[in-house]
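Trainee: One structure, as structure tokens, below. Some questions next.
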Amino acid sequence: SLNDRLSGLFDRLSGRGVLSEKDVDEALREVRVALLEADVALPVVRQFMTRAKELATGEAIIKAVKPADQVVKIVYDGLIDMLGGEEPVPVNLNAVPPVVILMAGLQGSGKTTTSAKLALRLTKFDRKKVMMASLDTRRPAAMEQLKLLGEQTGVDVLPIVAGQSPAEITRRALQSAKLQGYDVLILDTAGRTTLDEALMAEAAEIAKISNPTETFLVADSLTGQDAVRTATAFHERLPLTGLILTRADGDGRGGAMLSMRAVTGLPIKYLGAGEKVEALDVFDARRIAGRILGQGDIVALVEKAAQELDASKAEAMARKMAKGQFDLDDLSAQLQQMKKMGGMTGIMGMLPGVQKVKKQIEESNFSDKIFDRQVAIISSMTKLERKKPDLLNASRKRRIAAGAGVDVAEINRLLKQHRQMADTFKMMSRSNGRGAMGQMAK
Ligand code: GDP
Ligand code: MG
């Protein structure tokens, strides 16, 4: 399986100290086979390999990170990319109520069950007033099934009226939901065992009448590439907004999940994880990527790799600081880095044992917002001035102030800031290697 192959690969890699380009190639080849074995669509695999190679060459320069961890990270990032990015995308309820959610898909894919699961979730967690309606006029038991699920979950279901067409039921449901002040209306449609024109036409008509905010395709992840083909076919006729993959509880390979997003371009929003009405998970690419890689602690591993990288940069800086070589170029680099990493206090938090400096900086009211201005000031200086700030006399300061569009007082504040930082760093290193800076400089 994908899990076994990848876990085996990572086990082998983690035994090595240094990884050559050949190792990386070999590893990625293995990943390729694993993905194909997992029933991931070929174009998706190709796309993944290209992306992974890009990442691999980009990351190759990070010497501080253990090579095996790097490959894990590359594959993990690539998987997340393929699954649609890190942030889970919750259901969109941004419309005038009743917000309509249309559930489409083949028969037996799990539409009715998932309608109830979603209704329960929106009622319980989002405190929405939800109504469900079954438009499945084909199977007499289908409407009863939804009614029972409504009783089980405590969610209201549009009363059954015999002899109405799906379009008529849709209109009645809309009116009823509007009159009774429902926030959300979930429409459960009929499915067929195979894709056919009549099914598509019916779903398209219902969509036209109800103007859904979300149109979900419910697909059985166990059907692999068939699920992907179903999604593509539906998407051609219906403006789908997202995918819900059911039976993820039995899907060890993850092939459908990996292909779905890449082939259709649609976000996977939820995973059905069992027969119970509570068994619906918000789709989280990070969790799935971790599961596919078969390493429970993958996220921790990736975080560690990222930390090692930050630490190696911080270490280089600390070495300069300790030698008393912290000049204005360094400050400028720091400022830009800090802005990226969430501010001064953020980066200081990454250096172990620098609580004192961190506190000083916090106390000095060092606002993240002035990073850009300060960088601008420094870039208005000559190279020599940046190396030797003592050169900055009144006339030089006036020139720089004009260049950066600030007043001289701001330049003085910046220089004072720099002096304080440089002094603190020097002082810390002078504590003869006992301080964190001294340690790091070694
Ligand atoms: P529909 O024809 O698309 O409405 O499908 P149903 O909602 O009636 O579901 C068909 C069967 O699949 C039922 O027995 C459900 O209990 C089962 N089912 C639906 N979703 C899941 C899931 O996420 N996991 C598992 N294991 N079974 C599911
Ligand atoms: Mg059904």
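Trainee: Between ARG29 and GLU275, what length in nm is gained on full extension when 0.36 nm per residue of separation is reduced by their alpha carbon distance?
Mentor: Working: separation 246, 0.36 × 246 = 88.56 nm, distance 3.72 nm.
So the chain would gain 84.8 nm between ARG29 and GLU275.
Trainee: In whole Å, what is the distance between the alpha-carbon centres of segment 79-148 and segment 405-421?
Mentor: 58 Å
Trainee: Set the bar at 25 Å for Cα to Cα. Now go through LYS111/LYS147; LYS53/LYS320; LYS73/LYS111 and name every pair that lies beyond it. Please list the in-between numbers first.
Mentor: On the way: LYS111/LYS147 14 Å; LYS53/LYS320 34 Å; LYS73/LYS111 36 Å.
As for pairs spanning more than 25 Å Cα to Cα, those are LYS53/LYS320; LYS73/LYS111.
Trainee: With a Förster radius of 45 Å, plug the Cβ-Cβ distance of ASN94 and LYS416 into 1/(1 + (r/R0)^6) and report the FRET value to the nearest 0.05. Walk me through the numbers on the way to the answer.
Mentor: On the way: r = 49 Å, r/R0 = 1.08.
The pair ASN94/LYS416 has a calculated efficiency of 0.40.
Read-outs throughout are calculated quantities, based only on the coordinates presented, and are distinct from any laboratory measurement. Because the structure is a prediction, the values reported are computed rather than measured. Here Cβ is always computed from backbone atoms with ideal geometry, including for glycine, and neighbour counts include all displayed protein chains.
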